[in-house]
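*Asks:* Next up is a structure, given as structure tokens.
Every number here is computed from the coordinates shown, using simple stated rules; none is lab data. All figures in this text were calculated on a predicted structure; none of them were measured in a lab. Here the Cβ positions follow ideal geometry from the backbone for every residue, glycine too, while neighbour counts run over all protein chains shown.
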Amino acid sequence: MSASPLTRQGTSRDWVVLTTLFTLASCIEVILFSNLAAFTPIYLQHLGFAQEGIKFWTGILASAGVLLGFWFVPFWGVLADRYGRKPLIVRSFAVEVVAVVVMALAPNIWIFMIGRMITGLALGNTGLMFAAVAQHAPRERVAFAIAVITGSQPLGGVVGSLIGGYIVSAFGIIALWWFDAILIAGVFGMLVLLYHESFVPRPTPHVFRMLGDALRAVVTTPVVVKYFLFSFIATSAFFFSYTYISTRIIELAQDVEVGATIGIVFGIAGIATLCATPVWGALAGRFGGHRLLPLVMLLTSLAYVPLYFVANVLQFTISYFLLSSVSPAVNALTFSTIGVEVPPERRNAVMSMIYMPLNAAIIVAPALASIATRQVRDVFLYSAFIGFCALGLLLLTRNVGMRTVEA
């Protein structure tokens, strides 16, 4: 895979500007997807589904949201080499605007599912953002820039959950979808106007040859194979239960305003993530992300267990707060390690596909949870088991890529 055709011309502040724009874009995008995750069960109630129907469709919709776009993810990095990253990144937010409008206008579950599936065509934009800042930032600042972009996501979760809970309680679930559409449209406009890219077109091989080169760049780099496989298993653990957080809150919150309660629980959990992420980042900077990752995975796996036993919303909120203080660090540490350790000539290919293991997990885990569990709370024990499997992989492959990491 050839090096990116982006030039390195510009001021030394280019990477700061890019990081700022991408941080804001990522934060607002997470508002959309956190609202979809938190309030889809409320929408299913709005459509008249009973508890069993909510349980089934919650998992199916989460998987459907990735199923269509997953197969196109490898092409985005290839097309970025040919046409530049900006068109591909801006395209993703245009797709999200269309998808949310379809969901807001949907008269039934089938049209809503089409909207959710359209959102999958936006996949791959974060990897391209990572590749852009990795291209422009000094090597010693790459992990910092990626951590800042990733760290904006819990802030989006907090804001999205709290505002979303208020909108649902005051104006209804459909109003929330329109609110999200307006926010994403704002991001689209911001990137069109403010994101400037120095791109020099040049002859490139056929798209499918470039795709083959990109895939080879992934599968022939041992440290990437290791962390991609780990990311798939660890993310499967997360999404096996995350999709059902709101459904479990609905079960526990008997006589309270469910929309506001869901928003508060997710908001408090987001605060935990927001406060803990810089701490984990600082520890990773001191001890190394690859050394810290097994500890974080262990704590995450253990933190799923109490959620199975809670008996009320307060206990659930406390347990979910503890889980949220460690679980998001798994992906942050994984991504930053890959971003630093991948050879520069393979970085564009690898970073553009960095979310493929995560997206594959979103296809598999929620759908499997919807049919494999008898009670909603069972998903937390499954998540714990899968998390320990991810930890086992890390420990068994601890020497893979270590020579590169320590070089």
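*Asks:* For each of CYS275, CYS389, CYS27, count neighbouring Cβ atoms within 10 Å of the residue's Cβ, then give the residues from fewest to most.
*Replies:* CYS275, CYS389, CYS27
*Asks:* Same structure, new question: Which number comes out as Rg/Rh for the range 250-377 once both Rg and the Kirkwood Rh are worked out on C-alpha atoms?
*Replies:* 1.03
*Asks:* For helix 328-341, what angle does its Cα long axis make with the longest principal axis of the chain, in degrees from 0 to 90 and rounded to 10?
*Replies:* With both axes taken from Cα atoms, the answer is about 10 degrees.
*Asks:* At R0 = 41 Å, how high is the FRET efficiency between ILE174 and ARG141 if r is their beta carbon distance? Nearest 0.05 is fine.
*Replies:* With a Förster radius of 41 Å, E is 0.45.
*Asks:* If you average 1/r over all unlike Cα pairs in the range 14-406 and invert the result, what Kirkwood radius do you get in angstrom?
*Replies:* Computed over the range 14-406, the radius equals 21.0 Å.
*Asks:* Follow-up. Under the definition of Cα pairs under 8 Å and six or more residues apart, what whole-number percent is the relative contact order of the range 14-406?
*Replies:* Averaging sequence separation for qualifying contacts and normalising by length gives 29 percent for the range 14-406.
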